[in-house]
Amino acid sequence: PAPRKVRLATVHLNLSGGKTPRDNLEKLAPLIAEAGKKDADLVCLPECITAKSNGVPYHEAAESVPGPSTEFFGKLAKAHDLYIVAGLFEREGALVYNVAVLIGPDGEVAGKYRKCTLPREEIVAGVQPGDRYPVFDTRFGKLGMMVCYDVFYPEVARQLANRGAEVIAMPIWGGNPALASARCIENHVFLVTSTYTDHEKNWMKSAIFDREGRMISQADEWGTVVMAEVDLNDRTYWNGLGDFRARIQRERPLWGSDED
């Protein structure tokens, strides 16, 4: 097939010093602008943006989606003609969710994913788990989203891949990069991560992973944007297996029925 290239970008910024959710949003604006100057198609932002290091509890940082934060990022997405994936807290009635929100180049909310796999710390804080694995059509291909702790378990990435995701964007506070690589290898998807972990530590990186789990671009400095151009139509061949991604759906294990 003809090439189908996409420029995937991520920001690496340890949000600090802000006192309000809006303060944190504004710290990210210059990096989104830089991604736009690099002609990025998609830029991934980190997790829990509106509550990071500003003393605002999760339930107070939570807002509707669409809401003030998506409006802020929507103006930037439209101005720079790119997709933004942002980690926020969503409020729906009395419930609070940890979400990744996809904002399109038209400035509108194109979709959201509610984090399904919650660590006990978030459960204690009153966060509600999601129960859906949506995949969204974008101008470059099919996009799925995960959030942080989701990467520790194979189910979320597999659900997204089963639904056709070619790229997964993952806002993440911190995590094991070997598991990020595993999710790519298992499903032959590209993964974009944005983390608060210090790049000098042997832990999660703000990076772009290829289908074989290799970090093809990673941040090694705070306050930076890194990017990689990938071809979604380029086949990844494995010795003896050929195009493994094309075989997954036909040859993967089938689990029992919902009643089992």
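Using a 10 angstrom Cβ neighbour count of at most 16 plus a DSSP loop assignment to flag exposed trypsin sites (Lys or Arg not before Pro), which longest range of the chain is free of such sites? Present the calculation step by step, with values, prior to reporting the outcome.
Values: sites that count: Arg4, Lys19, Lys38, Arg132, Arg139, Arg163, Lys201, Arg214, Arg235.
In short, 39-131.
Please get the size of the charge dipole for segment 24-167, origin at its Cα centre, with Cβ charges of +1 on Lys and Arg and -1 on Asp and Glu, quoted in debye to the nearest 20. Provide the component values of the computation, followed by the final result.
On the way: 16 positive and 20 negative charges, 34 e Å.
In total the dipole reaches around 160 debye.
Can you work out the accessible area per residue across the chain, with the rest of the protein chains kept in place, probe 1.4 Å, in square angstrom?
Numbers: 11780 Å² over 260 residues.
Accessible area per residue: 45 Å².
Within 10 Å of each candidate Cβ there may be at most 13 other Cβ atoms; applying that plus a DSSP loop requirement, which GluC sites (Glu not before Pro) in segment 189-260 survive? All intermediate terms of the calculation are to be shown ahead of the outcome.
Details: sites: Glu200, Glu212, Glu221, Glu229, Glu251, Glu259; in loops: Glu200, Glu212, Glu221, Glu259.
Those that pass, being in a loop and sparsely packed, are Glu200, Glu212, Glu221, Glu259.
Would you list, by chain and number, the lysines whose Cα falls below 18 Å from the Cα of Lys19, excluding same-chain residues fewer than 8 positions away?
Filter leaves Lys27, Lys52.
Over 23 Å between Cα atoms, which of Lys78/Lys112; Lys78/Lys142; Lys75/Lys201; Lys38/Lys112; Lys38/Lys78; Lys37/Lys201 qualify? Could you put the intermediate results ahead of the total?
Numbers: Lys78/Lys112 18 Å; Lys78/Lys142 20 Å; Lys75/Lys201 34 Å; Lys38/Lys112 25 Å; Lys38/Lys78 15 Å; Lys37/Lys201 29 Å.
Where the Cα-Cα span goes over 23 Å, the pairs concerned are Lys75/Lys201; Lys38/Lys112; Lys37/Lys201.
Could you work out what % of the accessible surface of the chain is carbon and sulfur, using a 1.4 angstrom probe and leaving DNA, RNA and ligands out of the count?
Numbers: 5760 of 11780 Å².
Exposed carbon and sulfur together represent 49 percent of the surface.
Find me the longest stretch of the chain that has none of the exposed chymotrypsin sites (Phe, Trp or Tyr not before Pro), where exposed means in a DSSP loop (not H, G, I, E or B) with at most 16 other Cβ atoms within 10 Å. Could you put the intermediate results ahead of the total?
Details: sites that count: Trp203, Trp222, Trp255.
Between exposed loop sites, the widest span is 1-202.
May I ask you to list the aspartates and glutamates whose Cα is less than 19 Å away from that of Lys5, ignoring any residue fewer than eight positions away on the same chain?
Asp39, Asp41, Asp81, Asp137, Glu166, Asp210, Glu212, Glu229, Asp231, Asp234, Asp243
For segment 1-68, give the magnitude of the charge dipole about the Cα centre (Cβ charges: +1 Lys/Arg, -1 Asp/Glu; no others), in debye to the nearest 20. Don't skip to the answer; put the middle values down first.
Working: 9 positive and 8 negative charges, 62 e Å.
Magnitude of the dipole: close to 300 debye.
Report, in debye and to the nearest 20, how large the dipole of segment 37-90 comes out about its Cα centre when Lys and Arg carry +1 and Asp and Glu carry -1 on their Cβ. Before the final figure, lay out the partial values.
Numbers: 5 positive and 8 negative charges, 46 e Å.
With only Lys, Arg, Asp and Glu charged at Cβ, the dipole is about 220 debye.
The values are calculated or read from the model by the stated rules, or taken from the named source; none is laboratory data. Computed from a predicted model, the values in this text were never measured in an experiment. Neighbour counts run over all protein chains shown; Cβ positions are idealised from the backbone, glycine included. Heads up: the accessible areas ignore ligands, DNA and RNA and are worked out on the full protein's heavy atoms, side chains in. Shrake-Rupley method; radii C 1.70, N 1.55, O 1.52, S 1.80 Å.
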